[in-house]
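The values are calculated or read from the model by the stated rules, or taken from the named source; none is laboratory data. Just so it is clear, the structure is predicted and the values come from calculations on it, not from any experiment. With ideal geometry, Cβ positions are generated from the backbone for all residues, glycine too; neighbour counts draw on all protein chains shown. Side chains included, ligands, DNA and RNA excluded: accessible areas come from the protein's heavy atoms. Shrake-Rupley method; radii C 1.70, N 1.55, O 1.52, S 1.80 Å.
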Amino acid sequence: MRYLIGFDIDGTLINDDSELSTETINYVKQLTAEGHIVSLITGRPFRTTKEIYEKLELKTPLGNYSGSSIHNPNDDEFKTIEFKMSPKIVFDLMDKYGD
């Protein structure tokens with residue numbers, strides 16, 4: 001059975017020194033070799049995700065900005081999906097629940 005596995009980066013894949021360990025790289029590569037679909041889902045922008053994505057040798061779509069931007073840097077045919085929220089909704093939420 002194959003699984004879709006989504007990893008966060010900070011506090012999950014990288015250590016406290018912001019490093020990706022060889023053990024983690026090998027584990028993610030093993031999951032991919034076993035046929036699982038491994039993806040990154042992170043609050044980071046792609047410019048700070050790219051190096052990690054490449055070290056893990058992923059070819060799958062990934063989600064940046066907490067999944068609000070989904071794209072695949074290895075597939076020109078993949079249409080980027082972006083979810084946008086109206087600034088009015090954000091400000092209304094801040095007014096209602098902010099301190």
Pairs please, first residue from segment 51-77 and in contact (Cβ under 8 Å) with a residue 12 or more places away in the chain, second anywhere and open to solvent by 20 Å² or more (accessible area, probe 1.4 Å) and of a type in the set (Asp, Glu), Cβ atoms under 6 Å, 6+ apart in sequence or on different chains. Ser69/Glu82
Being assigned to a helix (DSSP H, G or I), in contact with a helix residue (DSSP H, G or I) (Cβ under 9 Å, 6 or more places away or on another chain), more than 21 Å from Arg2 (Cβ to Cβ) and of a type outside the set (D, E, K, R) is the filter here; which residues of segment 14-67 pass it? Phe46
If you scan segment 17-56, which residues turn out to be loosely packed, with under 11 Cβ neighbours inside 10 Å and hydrophobic (A, V, I, L, M, F, W, C)? Ala33
Taking only pairs six or more apart or across chains, which ones have beta-carbon atoms under 6 Å, a first residue in segment 4-16 that is under 16 Å from Ile37 (Cβ atoms) and loosely packed, with under 10 Cβ neighbours inside 10 Å, and a second residue that is modelled with pLDDT of 95 or more and among the hydrophobic types (A, V, I, L, M, F, W, C)? Leu4/Ile37
Condition (residue is over 15 Å from the mean Cα position of the chain (by Cα), on the phi < 0 side of the Ramachandran plot, surrounded by fewer than 16 Cβ atoms within 10 Å (Cβ to Cβ) and among the polar types (S, T, N, Q)) applied to segment 69-91: is it met by at least one residue? yes
